[in-house]
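The values are calculated or read from the model by the stated rules, or taken from the named source; none is laboratory data. The structure presented is a predicted model; accordingly, all values stated were derived computationally and were not measured. Here the Cβ positions follow ideal geometry from the backbone for every residue, glycine too, while neighbour counts run over all protein chains shown. Ligands, DNA and RNA are excluded from the accessible area calculation, which covers all protein heavy atoms including side chains. Shrake-Rupley method; radii C 1.70, N 1.55, O 1.52, S 1.80 Å.
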Amino acid sequence: RHFEVRAYSPEPDRLAVMFNDISARRRYEEELRKLASVVQNSNEFINIADLDQRMIFINDAGARMVGIDPAKVGDHFIRDVFDDDQYAVVKNELLPALLGKGSWRGELQYRNRETGRVVSVFANTFAIRSS
(Lines give C-alpha, C1' and ligand atoms only; values in the text may rest on other atoms or scores of the structure.)
Protein backbone atom coordinates (compact mmCIF):
# COMPACT_ATOMS: atom_id res chain seq x y z
CA ARG A 1 0.00 0.00 0.00
CA HIS A 2 1.12 3.51 -0.71
CA PHE A 3 0.41 6.50 1.45
CA GLU A 4 0.55 10.18 0.81
CA VAL A 5 1.74 12.17 3.80
CA ARG A 6 0.84 15.79 4.30
CA ALA A 7 2.25 17.76 7.18
CA TYR A 8 1.10 21.20 8.12
CA SER A 9 1.19 23.38 11.16
CA PRO A 10 -1.40 26.07 11.80
CA GLU A 11 0.57 27.09 14.86
CA PRO A 12 4.39 27.24 15.14
CA ASP A 13 4.65 24.76 18.05
CA ARG A 14 2.26 22.10 16.65
CA LEU A 15 2.42 19.71 13.74
CA ALA A 16 -0.47 17.82 12.21
CA VAL A 17 0.16 14.88 9.91
CA MET A 18 -2.44 13.36 7.62
CA PHE A 19 -2.05 9.98 5.88
CA ASN A 20 -4.05 9.16 2.77
CA ASP A 21 -4.07 5.75 1.12
CA ILE A 22 -3.20 6.52 -2.49
CA SER A 23 -3.40 2.94 -3.77
CA ALA A 24 -6.87 3.51 -5.19
CA ARG A 25 -5.77 6.72 -6.91
CA ARG A 26 -2.76 4.97 -8.45
CA ARG A 27 -4.98 2.14 -9.74
CA TYR A 28 -7.37 4.71 -11.20
CA GLU A 29 -4.51 6.59 -12.89
CA GLU A 30 -3.14 3.34 -14.34
CA GLU A 31 -6.56 2.42 -15.74
CA LEU A 32 -6.83 5.91 -17.22
CA ARG A 33 -3.41 5.49 -18.90
CA LYS A 34 -4.53 2.16 -20.37
CA LEU A 35 -7.75 3.68 -21.70
CA ALA A 36 -5.85 6.61 -23.22
CA SER A 37 -3.50 4.17 -24.93
CA VAL A 38 -6.42 2.19 -26.40
CA VAL A 39 -8.01 5.39 -27.74
CA GLN A 40 -4.76 6.77 -29.14
CA ASN A 41 -3.77 3.49 -30.82
CA SER A 42 -7.20 2.51 -32.11
CA ASN A 43 -7.58 2.01 -35.86
CA GLU A 44 -10.89 3.88 -35.64
CA PHE A 45 -11.25 7.64 -36.10
CA ILE A 46 -11.70 9.16 -32.63
CA ASN A 47 -12.19 12.90 -32.34
CA ILE A 48 -13.41 15.23 -29.60
CA ALA A 49 -14.69 18.72 -30.36
CA ASP A 50 -16.12 21.45 -28.15
CA LEU A 51 -19.49 23.20 -28.53
CA ASP A 52 -17.88 25.77 -30.85
CA GLN A 53 -16.93 22.83 -33.11
CA ARG A 54 -13.20 23.33 -32.45
CA MET A 55 -11.34 20.03 -32.43
CA ILE A 56 -9.62 19.41 -29.11
CA PHE A 57 -8.44 15.82 -29.62
CA ILE A 58 -7.83 13.49 -32.53
CA ASN A 59 -6.19 10.08 -32.36
CA ASP A 60 -3.50 8.94 -34.81
CA ALA A 61 -5.88 7.03 -37.10
CA GLY A 62 -8.23 10.00 -37.32
CA ALA A 63 -5.36 12.38 -37.96
CA ARG A 64 -4.18 10.24 -40.89
CA MET A 65 -7.72 9.96 -42.24
CA VAL A 66 -8.32 13.71 -42.37
CA GLY A 67 -4.75 14.97 -42.84
CA ILE A 68 -4.38 16.90 -39.58
CA ASP A 69 -1.28 17.04 -37.41
CA PRO A 70 -2.45 15.78 -33.98
CA ALA A 71 -0.21 18.34 -32.29
CA LYS A 72 -2.11 21.13 -34.08
CA VAL A 73 -5.62 19.72 -33.74
CA GLY A 74 -6.76 22.79 -31.80
CA ASP A 75 -6.17 24.90 -34.91
CA HIS A 76 -9.00 23.09 -36.71
CA PHE A 77 -12.76 23.03 -36.65
CA ILE A 78 -15.13 20.20 -37.63
CA ARG A 79 -15.98 22.23 -40.73
CA ASP A 80 -12.40 21.81 -41.96
CA VAL A 81 -12.76 18.10 -42.74
CA PHE A 82 -16.02 18.12 -44.72
CA ASP A 83 -17.11 19.26 -48.16
CA ASP A 84 -20.06 21.68 -48.19
CA ASP A 85 -22.68 18.94 -48.73
CA GLN A 86 -21.37 16.83 -45.88
CA TYR A 87 -21.05 19.79 -43.56
CA ALA A 88 -24.73 20.50 -44.24
CA VAL A 89 -25.49 17.02 -42.86
CA VAL A 90 -23.34 17.75 -39.81
CA LYS A 91 -24.95 21.16 -39.26
CA ASN A 92 -28.57 20.18 -39.95
CA GLU A 93 -28.73 16.60 -38.63
CA LEU A 94 -25.76 15.56 -36.51
CA LEU A 95 -25.36 18.64 -34.30
CA PRO A 96 -29.08 19.06 -33.52
CA ALA A 97 -29.28 15.35 -32.64
CA LEU A 98 -26.25 15.62 -30.36
CA LEU A 99 -27.71 18.63 -28.57
CA GLY A 100 -31.18 17.06 -28.34
CA LYS A 101 -30.84 13.29 -27.94
CA GLY A 102 -27.15 13.21 -27.08
CA SER A 103 -26.18 10.97 -30.00
CA TRP A 104 -26.26 10.52 -33.77
CA ARG A 105 -25.42 7.58 -36.04
CA GLY A 106 -25.09 7.66 -39.78
CA GLU A 107 -22.84 7.79 -42.80
CA LEU A 108 -20.45 10.65 -43.36
CA GLN A 109 -17.68 11.44 -45.79
CA TYR A 110 -14.54 13.07 -44.45
CA ARG A 111 -12.16 14.94 -46.73
CA ASN A 112 -8.42 14.63 -46.18
CA ARG A 113 -7.01 18.16 -45.96
CA GLU A 114 -3.66 17.16 -47.48
CA THR A 115 -4.70 14.86 -50.34
CA GLY A 116 -8.34 15.83 -50.95
CA ARG A 117 -9.24 12.13 -50.74
CA VAL A 118 -12.77 11.45 -49.50
CA VAL A 119 -13.29 8.65 -46.96
CA SER A 120 -16.76 7.25 -46.27
CA VAL A 121 -17.41 6.15 -42.71
CA PHE A 122 -20.23 5.08 -40.45
CA ALA A 123 -20.13 7.58 -37.61
CA ASN A 124 -21.31 6.83 -34.10
CA THR A 125 -21.28 10.18 -32.33
CA PHE A 126 -22.27 11.09 -28.79
CA ALA A 127 -22.19 14.09 -26.49
CA ILE A 128 -19.87 14.01 -23.51
CA ARG A 129 -21.66 15.62 -20.61
CA SER A 130 -19.82 16.60 -17.47
CA SER A 131 -21.46 15.51 -14.25
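The slack in the chain from residue 124 to residue 51, taken as 0.36 nm per residue of separation less the alpha-carbon distance, amounts to 24.5 nm.
Of all the accessible heavy-atom surface of the range 76-123, with the other protein chains kept in place and a 1.4 Å probe, what percent is carbon and sulfur?
Details: 1400 of 3050 Å².
In the range 76-123, the share of accessible area belonging to carbon and sulfur is 46 percent.
With a Förster radius of 41 Å applied to the beta-carbon distance between residue 29 and residue 117, the computed FRET efficiency rounds to 0.60.
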